[in-house]
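The values are calculated or read from the model by the stated rules, or taken from the named source; none is laboratory data. Keep in mind the model is a prediction, meaning the values are calculated, not measured. Methodologically, a virtual Cβ is constructed for each residue, glycine included, from the backbone with ideal geometry; neighbour enumeration extends over all protein chains shown. The area values use the complete protein model at the heavy-atom level, side chains included, leaving out ligands, DNA and RNA. Shrake-Rupley method; radii C 1.70, N 1.55, O 1.52, S 1.80 Å.
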Amino acid sequence: MAHLYKLVQNMNENMVKCYQKWFARPVYTETINLMDIAELIQRNSTAKKSDAYAVLVEMVEVVSDALKASKRVHIDGFGTFKIGISSKGAETPADFNANENIRSCRVLFQPEVTTDPSTHKRIKKMIQGMTYQSAASLVSAKEIEERGKEEEPEP
């Protein structure tokens, strides 16, 4: 199945190089949650939906605990999660105060990659072989516009 996109024109005059140019933006048809994933696992394996859901819920908790404990979390075939910190600089190590200098933290995700033997380029495993299709070919322009209002990314 192809990933859907729509075209959006950049109307930000401050972005001189790309002002009024058209860019592809993803179109999402739905959001799935842990229960949906558990149901898909049940369809594709011998595991029961309730068992798969219980494992997924526990996995979220285990990953969260590991990240809080300064660990990287690598899930084979998927990728690696780690914490990134944004901080304000201090003049000296003695002047650094975590409560005052650390502004925020975020979860970083690095998808697992493989190397294409012919080009030697790194390819993200999860999207390897992905194709694209204009959402306009499947739904009306009005529907695309309404979906775009829900989540409009920056150009």
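Would you confirm whether or not the range 16-23 contains a residue that is of a type in the set (A, V, I, L, M) and open to solvent by less than 70 Å² (accessible area, probe 1.4 Å)? No, every residue in the range 16-23 fails to be of a type in the set (A, V, I, L, M) and open to solvent by less than 70 Å² (accessible area, probe 1.4 Å).
Conditions (1) farther than 29 Å from THR131 by Cβ; (2) of a type outside the set (S, T, N, Q), marked per residue:
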position	(1), (2)
LEU7	no, yes
ASN12	yes, no
VAL16	yes, yes
TYR19	yes, yes
PHE23	no, yes
VAL27	no, yes
MET35	no, yes
SER50	yes, no
GLU58	yes, yes
